[in-house]
């Protein structure tokens, strides 16, 4: 892969399409392994990505291409803030292939998504969560003007839910 520079193009960011399903699934599998040492169920993940691609109001994906190859991705989910009377867009499934890191791929994704968000008067801000030990990502987010939100995330998941519909 060529590195973006004086003679190389900047990453092209575009809305994800159904044809991107396989690469998005592969990136999400790699993301879970790399950041959380988790092995996701590929069948469940594939169904989840397919639903997102079919229903972008559920989760909207963008991909970044360099030389025609998808090298990065990000998705956005929406949260309504009654306190602020507007939508907060949450970055989800942020991934850049290892050989493209440091080349401005996430910067291009962030810029594009931020521009789309700012074009809507109902979107009031952007958020993301990051693993505590992922200092490289945190540094990237700070360089883009994002700041720690001051929150810890607590969660409760039910292992009997999610995945394909049960009969």
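FYI, it's all coordinate maths here, none of it is from the lab. Predicted, not measured: the structure shown is a model, and the values here were computed from it. So basically every Cβ, Gly included, is an ideal-geometry build from the backbone, and we count neighbours across all protein chains shown.
Using 0.36 nm per residue, how much length does the chain from residue 131 to residue 152 gain when fully extended, once their Cα-Cα distance is taken away?
So the extension gain works out to 6.5 nm.
Short to long, the 10 Å bins of the Cα pair-distance histogram for region 69-157 hold 14, 48, 31, 7, 0 percent of all pairs. Listed from fewest to most Cβ neighbours within 10 Å, the set 105, 130, 94 follows the order 130, 94, 105.
Here region 111-167 was treated as a single set of alpha-carbon atoms; its pair distances binned every 5 Å from 0 give 4, 12, 18, 15, 14, 14, 13, 7, 2, 0 percent. Rounded to the nearest 500, the 222 nm mean residue ellipticity of the chain from helices alone is -10000 deg cm²/dmol, with -39,500 (n - 2.57) taken per DSSP H run of at least 4 residues. The DSSP beta bridges internal to region 48-167 are antiparallel in roughly 80% of cases.
Going by neighbour counts of Cβ atoms within 10 Å, the residues 15, 20, 54, 82 line up, fewest first, as 82, 54, 15, 20. Scattering from region 12-143 was approximated by placing one identical point on each alpha carbon and applying the Debye formula without solvent; log10 I(q)/I(0) at 0.21, 0.22 1/Å stands at -1.41, -1.51. Just checking the listed ones, 64, 16, 26: in the Gaussian network model of the chain with Cα springs under 10 Å, the one fluctuating most is 26.
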